[in-house]
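The values are calculated or read from the model by the stated rules, or taken from the named source; none is laboratory data. Keep in mind that this is a model prediction, so the values were computed, not measured. FYI the Cβ positions are ideal-geometry reconstructions off the backbone, even for glycines, and counts take in every protein chain you see.
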Amino acid sequence: MAKNPVNSPAARTNPPAQQKVNMRNQKKTTTVVPQRFLGEYGFWEYTTPYCGGFESYDYDDYLLALDDMAGAGMNSLMLMVKWFTTGYRSKLPFLEQSPLNKNIASNNQLVRQVMAAAKERKIKIWLGVVTSHYDAAVCKLTPRGVLPGFLGCLFNVGFYDPDSPGMIEQGTAIFEELLDEFPHPDGFMLEMEDVHVPMPYRVAPYNAWAKANNRPAYSNSAGLQDPNWFDYQTAAIIRATQAVEQAVRAKGFRGDLATINKLSETRAPTRVIPAPGNQMVNVEMMRRDCPNWASINYNYDKGLPDGDYDWCMKQGVTYQKSLGLNVYSLARGVMTYEWEAPRWTDRQRLERSWAQDVADAQKYQPDNFWWFGAGGKSDGIDTSILNLRQMGYADDVEARRSLLKISAALRQALR
C-alpha cells in the first residue's frame, strides 16, 4: 500500500504550501492560565466587645455573611474570640464577661452554630486569641502598664508580656478552654501585641538568656535599639508560642497553627523602628524554633503619602516565603479603623485600598489571604456602621459585597 504523503514524517515536518498559507491565516489564540497561589482566602473578624465587627451579628447575619463568602469562593474564616476584651463564655476567672455580648449571652451556642454552618459551606474555621491584654481589674497578674479606655474599651486595659509571671499559663489556659467549648476548630491563631518593651523585671531573664547564648548583659542605655534585646523578646515570644502548641497538642488538637511575625511596619523604611517594634520578631528564630506555625503579616494603611508598600510586601511575604514559612497576608477589608488619623470616611479611598491589595496579592502571591473586616452593625473601633454610612454604603452588607466585587480576581487565585 502506498504511503499517505500527507501523513508521512516529512509532510508533518514540512506541510504543503497551501497548508502553510492556511496556518498563517489562522488567528492566534492565547489561553491565559490564572496564577493559582492561594490555599486559603477569606475574612478575619471579631466576636469581642467594642470591635464593631461580628460581635454585633445575630445568627441570620452570620448566615448571610457565610453565604456571601461561599458565593465569592472563600474558604477560610478567622474568628477572634479574645482581643483586649472577651467574646466567648468563659469560666476562667481572669477574663471579663460582658452580658451584652451576643455570643456570651448565648452561652457560646451562637459561635458553635456559626462553626457548623461554615463547615457545611466548606469554610475553614480559625479561632484567634490575644494573650497579652486583659481587663486589669479582673486579671490578677501585675501589668507592665495600664491604659484607661484604650481603643474604646470601657475599662483599664492591662499590658502583659511573656516575662509577666503567670502570663504564659493564662494564655495556654484560654486555648485549652476553647477546645472544651467549641467543636473541632480547624486552626488556632496566637497574637501577642505590645510585648517588646524592656522592663526592670525582664532584666534577670534577659541576662540568663544572654549568658546561655553568648550575648552581652542588659544595657539600659541600648533599650529598644539593641539587636540583642530584639532577639531576646523573640525568644520570649517563642517560649509562649511553644507552650500553647504543647498544650493544645496534649489535648488532641491536630489542626493548623498561626501567629503574627512582622518584619516591617506599614510605613516607609525610614519610619520603621530599626529594632523591636510591636509584633516584630526575628523571623529566622521563629522559623527554627516554631516550625509548625504559619506566619501572618498585616498591612492596613495603603494610601498614606509616606507608605512604601512594595518594601513591606517584600519583607512580609517574599522573604518569609523564601524561609519556607506558610504566609498569610491580612489586609484592610470592611474596616474604618485608623491609628494615626480620624477614622476612614472616604469611600473612594477605601475602595482604592481594596484594589491595591488585590494587585499586591497578585504580584507577591502570599500563600493565603484574609480581609480584616466583613461587616458590622455597631459603632466599633475596627468597623463603624456610622462611618460606613458616611461613605455612602446603605449598610455593612453593601460594603462587604462591594469588596467582594472588587476582589473577584482573588477567587481565580485559589489552588
Looking only at region 198-218, count every residue that is more than 22 Å from Arg144 (Cα to Cα) and either loosely packed, with under 14 Cβ neighbours inside 10 Å or in contact with a Leu (Cβ under 9 Å, 6 or more places away or on another chain) (or both) and tell me the total. 5
Picked from region 242-290 (must be under 16 Å from the mean Cα position of the chain (by Cα) and modelled with pLDDT of 95 or more), the residue farthest from Glu40 (Cα to Cα) is Thr259
Could you give every pair whose Cβ atoms fall below 6 Å, whose first residue belongs to region 95-115 and is closer than 20 Å to Cys139 by Cβ, and whose second residue is aliphatic (A, V, I, L, M) and part of a helix (DSSP H, G or I), counting only separations of at least 6 or pairs across chains? Gln97/Ile104
Looking only at residues in region 376-385 that are touching a helix residue (DSSP H, G or I) at 6+ places or on another chain (Cβ under 8 Å) and part of a loop (DSSP other than H, G, I, E, B), which one is nearest to Thr336 (Cα to Cα)? Thr383
Within region 291-302, is even one residue crowded, with 16+ Cβ neighbours inside 10 Å, more than 15 Å from the chain's Cα centre (by Cα) and at pLDDT below 95? yes
For region 49-65, give me each residue that is closer than 21 Å to Leu151 by Cα and among the charged types (D, E, K, R). Glu55
Consider Leu388 carefully, then state whether it is surrounded by 22 or more Cβ atoms within 10 Å (Cβ to Cβ) and either more than 21 Å from the chain's Cα centre (by Cα) or β-branched (Val, Ile, Thr) (or both). yes
Exactly one condition in (1) assigned to a loop (DSSP other than H, G, I, E, B); (2) within 21 Å of Ala409 (Cα to Cα); (3) small (Gly, Ala, Ser) is false for Gly324; which is it? (2)
Which numbered condition trips up Trp126, out of (1) out of contact with any Asp or Glu (no Cβ under 7 Å at 6 or more places or on another chain); (2) in contact (Cβ under 8 Å) with a residue 40 or more places away in the chain; (3) surrounded by 15 or more Cβ atoms within 10 Å (Cβ to Cβ)? (1)
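Let's see how each residue does on (1) assigned to a loop (DSSP other than H, G, I, E, B); (2) aromatic (Phe, Trp, Tyr):
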position	(1), (2)
Pro366	yes, no
Phe369	no, yes
Ala374	yes, no
Asn387	no, no
Gln390	no, no
Glu398	no, no
Lys405	no, no
Leu410	no, no
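Give the residues of region 105-155 that are of a type in the set (D, E, K, R), under 26 Å from Arg411 (Cα atoms) and in contact with a Gly (Cβ under 9 Å, 6 or more places away or on another chain), sorted by residue number.
Passing the criteria: only Lys124.
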Only one of (1) at pLDDT 95 or above; (2) surrounded by 20 or more Cβ atoms within 10 Å (Cβ to Cβ) does not apply to Asp360, and that is (1)
Residue set Val129, Val146; condition under 21 Å from Met78 (Cα atoms) and not acidic (Asp, Glu); output residue Val129
For region 110-161, enumerate the residues that are part of a strand (DSSP E or B) and either of a type in the set (Gly, Ala, Ser) or more than 29 Å from Tyr206 (Cβ to Cβ) (or both). Lys124, Ile125, Trp126, Leu127, Gly128, Gly145, Pro148, Gly158
Going through (1) at pLDDT 95 or above; (2) surrounded by 15 or more Cβ atoms within 10 Å (Cβ to Cβ); (3) not in a helix (DSSP H, G or I) one by one, Ala235 fails only at (3)
Which of (1) surrounded by fewer than 17 Cβ atoms within 10 Å (Cβ to Cβ); (2) closer than 23 Å to Ala118 by Cα does Pro185 not meet, given it meets every other one? (1)
Return the only residue of Leu100, Leu95 being surrounded by fewer than 18 Cβ atoms within 10 Å (Cβ to Cβ) and within 23 Å of Pro148 (Cα to Cα). Leu100
Is at least one residue of region 44-58 at pLDDT 95 or above, of a type outside the set (S, T, N, Q), surrounded by fewer than 24 Cβ atoms within 10 Å (Cβ to Cβ) and not in a loop (DSSP other than H, G, I, E, B)? no
Go through Leu151, Leu147, Leu190, Leu179 for me and flag whichever is surrounded by fewer than 21 Cβ atoms within 10 Å (Cβ to Cβ) and at pLDDT 95 or above. Leu179
Any chance Asp367 is among the charged types (D, E, K, R), touching a strand residue (DSSP E or B) at 6+ places or on another chain (Cβ under 6 Å) and closer than 23 Å to Ile260 by Cβ: yes
Going through region 82-109 in order, the residues found to be under 24 Å from the mean Cα position of the chain (by Cα), outside any loop (DSSP other than H, G, I, E, B) and polar (S, T, N, Q) are Thr86, Asn103
